[in-house]
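Before any comments, here is the structure.
Laboratory data are not the source of any read-out in this text; all were calculated from the coordinates shown. Note that the structure is predicted; figures quoted are calculated from it, not measured. Note: ideal-geometry Cβ built from the backbone for every residue, glycine included; neighbour counts use all protein chains shown.
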Ligand code: DAS
């Protein structure tokens, strides 16, 4: 029997093995990339250095969203990009009315555009965590919404905007980002908008405090290790449809020798950043609470977790002026007007791991639904 020549088959197999990775890559390249809408609001990510290439002053919100997208050509490898300019300002100019308009726009576009995989919002870092948390509470979609900024302007030395934008788009385009709530992506970190905070104005300055980040954007794309558990996305009860403006909620600090807010000033709510209050501050907040202002005391660090099964402290009427019953408040605060000295201050609402700025946002939204203390406490316990 003549010897069988295996050579042609071996050659064919070799050629197949060489061609296969190319064919797979071609097929992957031919697959339509997810669509991501980038909505620009301004900030340093679209900022221009006065003297390009220096560390000097710059103008935030100078480049359009299209221009910053054009500066990252590799975005098209990961997504089909659409852009929209919501505003182009330093984020200190963003107001609560704009939160409402932006949230409505994103909620609407995600509801009506089934073809969109997700949305990226470019934003100044000064107010990024506030806008991101407002969106987290009000966008009732499971699709990813990623808020991103930069700490160095686009034309400065080593701008961080382009890599942050690329990481944000990869995160918004990834199916594993579904249902994670609104996210902040900075410096390859994926942080829940509930926890994100700007610790300092340099690269690496965004953190999630002691709660940790959800994941990282590695060379291969987003990698998640944790997922949020609190109410968000499609489970949110905050419907902005009938909301024209948000209730006024003030933010104030307690400090040694502090006297608290003035009694004639009566916002719908007030958040006080405090580890504890002076007697006079305590009295001033009690007067406000009796006049109907909802008072929320929050640890300045935002790291404190008030137990979630507590009953909100009822607002008690002041005792009669001639009441001399000894109580803890009078022992603690001798000389304090008895109208103040009802009890040592107990905050009406317990807060679980929110910064004062974020407690203010949650209180604004809670007050669009109720003024009942127990209901407000339920809201603070849920989100
Ligand atoms: N210019 C500031 C802002 O718009 C800072 C920044 O974006 O980093 O918030």
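Distance between the pseudo-spin-label points of residue 239 and residue 259 (7 Å out from Cα toward the beta carbon): 4.6 nm. Here the range 205-276 was treated as a single set of alpha-carbon atoms; its pair distances binned every 10 Å from 0 give 13, 23, 28, 26, 9, 1 percent. Annotation: the residues 264, 210, sorted from fewest to most other C-beta atoms within 10 Å of their own C-beta, follow the order 264, 210.
Extension gain for the segment residue 370 to residue 76, taken as residue separation times 0.36 nm less the Cα-Cα distance, is 101.3 nm to one decimal. Shape class for the range 52-154: oblate, because the ratio a/c of the largest to smallest gyration tensor axis (alpha-carbon atoms, square roots of eigenvalues) is 1.5 or more and b/c is at least a/b.
Counted by neighbouring Cβ atoms within 10 Å, the residues 299, 226 run from fewest to most as 226, 299. Summarising the label geometry, the points placed 7 Å from Cα in the beta-carbon direction at residue 223 and residue 290 lie 5.9 nm from one another.
What whole-number value in cubic angstrom gives the convex hull volume per residue for the C-alpha atoms of the range 156-212?
Dividing the Cα hull volume of the range 156-212 by its residue count gives 76 Å³.
Quick one: length gained pulling residue 67 to residue 178 fully straight, 0.36 nm per residue minus the C-alpha distance? Could you put the intermediate results ahead of the total?
Numbers: separation 111, 0.36 × 111 = 39.96 nm, distance 2.80 nm.
Result: 37.2 nm gained on full extension.
Neighbour counting of Cβ atoms within 10 Å sorts the residues 206, 134, 253, fewest neighbours leading, into 253, 206, 134.
The slack in the chain from residue 55 to residue 203, taken as 0.36 nm per residue of separation less the alpha-carbon distance, amounts to 51.9 nm. Spin-label model, residue 304/residue 266: points 7 Å from Cα along the beta carbon direction are separated by 2.7 nm.
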